[in-house]
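The values are calculated or read from the model by the stated rules, or taken from the named source; none is laboratory data. These numbers were taken from a predicted model, which means no experiment stands behind them. When we count neighbours, we look across all protein chains shown, and the Cβ atoms used for this are built from the backbone with ideal geometry, even at glycine.
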Amino acid sequence: MRRPHLRSLLPAGVVALAAVGGLAFSLTAGAVGRSTSVQTAADSLTPPPIHYVTHFTTGQVKEGEVLFEANCSTCHGTRAEGSAVAPDLQGLGPATVDFWVSTGRMPLADSSAQATDIAAFVASLAPTAPSYPDGIPYVNTKDANLQLGMRLFVLNCAACHTITGAGDALADGAYAPSLHRATSTQVAEAIRTGPGNMPVFGPGTLSNRQVADIVAYVTGVIQHPDDRGGLGLGGIGPVAEGFVALLFGVGGLMVVAFWLGERA
Ligand code: HEC
Ligand code: HEC
């Protein structure tokens, strides 16, 4: 008689365990959410998390035109209108052009200053399409929240770039590159413009503050893994607690699955 009795108690216990895990998880999530809104309230006093540079000097545009003519026009056309071998660049906005040139995806002798000038020239040819940022993003990581950045990175980026940012092969021969060299501007540009097979994360998906948190996590913790000291996860606190809670929740579900499997 004892065994069936225990068994009928097990599911209730498991559900309780999962519920406690879930509750703890949402509580820690709530705590993190609250600290965000405190930060938002202070926004008016602190510099914005991302400053988009949308205006360029005529000197930059002129310099960019010369560079574009010499390095890009054979494929993209003199007015960046595109050709049989390369796409139309008009309307893609300065951040897209700056990203492709400054990361070395498009051939150019050197220097991100040249990339900015070329971006300025291409941006002067046509208004930026609404789905692209109309400026080059400069990120203020000083006020960023590394714990939120880590959580957002795990949710939005790690599936392709891996949890350590080392990069990984994707389906269809695509490759998500290592994040160990990208500058803060390049990380923000990648997020906002979605190069190649990477999805675009627009302002409706990730706010500027959330982008700044992710950028701080990538250029801080991921690019300098030795700085974080101690446990591999870094930033102990709400994030680590959240993981533990999640582990309990998922663990509970697994026990349910085992139990059901055994019954059947
Ligand atoms: C040898 C030909 C060639 C040259 C030279 C070249 N490009 Fe490209 N460019 C391409 C091709 C092909 C693609 C599409 C590649 C892809 O989608 O992976 C591309 C893509 C791009 C994109 C991304 C377009 C999009 O839709 O996201 C940008 C921006 C760009 N090029 C800018 C430049 C700039 C600026 C230069 C000069 C510094 C340059 N390219 C030089 C061939 C070229
Ligand atoms: C669906 C897979 C996928 C996701 C999700 C994804 N990326 Fe990417 N990412 C890519 C691919 C693919 C490329 C290379 C694009 C190309 O060059 O054609 C890339 C390129 C990049 C680069 C350029 C690195 C360099 O130095 O060249 C950065 C930075 C980057 N991603 C950051 C992020 C961040 C931050 C997130 C999360 C907000 C993210 N990515 C989410 C697939 C992904």
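Output yes when any residue across the stretch 163-172 is modelled with pLDDT of 95 or more and under 26 Å from LEU92 (Cα atoms), and no when none is.
no
Might you let me know whether the stretch 112-122 holds any residue that is of a type outside the set (Phe, Trp, Tyr), in a loop (DSSP other than H, G, I, E, B) and in contact (Cβ under 8 Å) with a residue 12 or more places away in the chain?
No, the stretch 112-122 contains no residue that is of a type outside the set (Phe, Trp, Tyr), in a loop (DSSP other than H, G, I, E, B) and in contact (Cβ under 8 Å) with a residue 12 or more places away in the chain.
Can you tell me which residue within the stretch 191-230, out of those that are crowded, with 24+ Cβ neighbours inside 10 Å and of a type in the set (A, V, I, L, M, F, W, C), is nearest to ligand 1 (Cβ to nearest atom)?
ILE191
So ARG181 clears everything in (1) away from ligand 1 (no atom under 16 Å from the Cβ); (2) loosely packed, with under 15 Cβ neighbours inside 10 Å; (3) over 22 Å from ARG105 (Cβ atoms) except one condition, right? Which one?
Every listed condition holds for ARG181 apart from (3).
Six or more apart or on different chains, Cβ atoms under 7 Å: show the pairs whose first residue is in the stretch 145-160 and more than 26 Å from GLY173 (Cβ to Cβ) and at pLDDT 95 or above and whose second is among the charged types (D, E, K, R) and near ligand 2 (Cβ under 10 Å from one of its atoms).
Close Cβ pairs (under 7 Å, with a partner that is among the charged types (D, E, K, R) and near ligand 2 (Cβ under 10 Å from one of its atoms)) do not exist here.
Between a first residue in the stretch 197-222 that is part of a helix (DSSP H, G or I) and a second residue that is crowded, with 24+ Cβ neighbours inside 10 Å and not hydrophobic (A, V, I, L, M, F, W, C), which pairs have beta carbons less than 6 Å apart while being 6 or more apart in sequence or on different chains?
Taking only residues 6 or more apart or on different chains, the pairs are ASN208/PRO49; ARG209/PRO49; ALA212/PRO49; ASP213/GLY149; ILE214/GLY149; ALA216/GLY149; TYR217/GLY149.
Consider the stretch 60-83. How many of its residues are more than 10 Å from ligand 1 (Cβ to nearest atom) and either closer than 19 Å to THR128 by Cβ or of a type in the set (A, V, I, L, M, F, W, C) (or both)?
Total satisfying the criteria: 7.
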